[in-house]
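Just so it is clear, none of the values below were taken in a lab; they were calculated from the coordinates. On a predicted model such as this, the values are computed, not experimentally measured, just so you know. Neighbour counts are summed over all protein chains in view; Cβ atoms, including those assigned to glycine, are modelled from backbone coordinates with ideal geometry.
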């Protein structure tokens, strides 16, 4: 799954939690960004301890997902 596809998937999952008329684009994006930030925090802890190519790829992927969510 591309970072853009993952960003849309996360956004849509959180979007389904908000009911009209309280549904707000900004809140949906914020929820998705919080989730990605938690993933990045988890990976970055491991990155310091175990700097591997796989960890770098995971961190890079989720950083791109975050960028894509911010573009929504």
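At-a-glance table
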read-out	value
Gain in span if fully extended, residue 24 to residue 2, counting 0.36 nm per residue against the direct Cα distance	5.4 nm
Sequence of 43, 36 once ranked by neighbouring C-beta atoms within 10 Å, starting from the fewest	43, 36
Inter-label distance, nm, simple model (7 Å from Cα along the C-beta direction), residue 41/residue 72	2.0
Cα→Cβ-extended label distance, 7 Å offset, between residue 16 and residue 61, nm	2.2
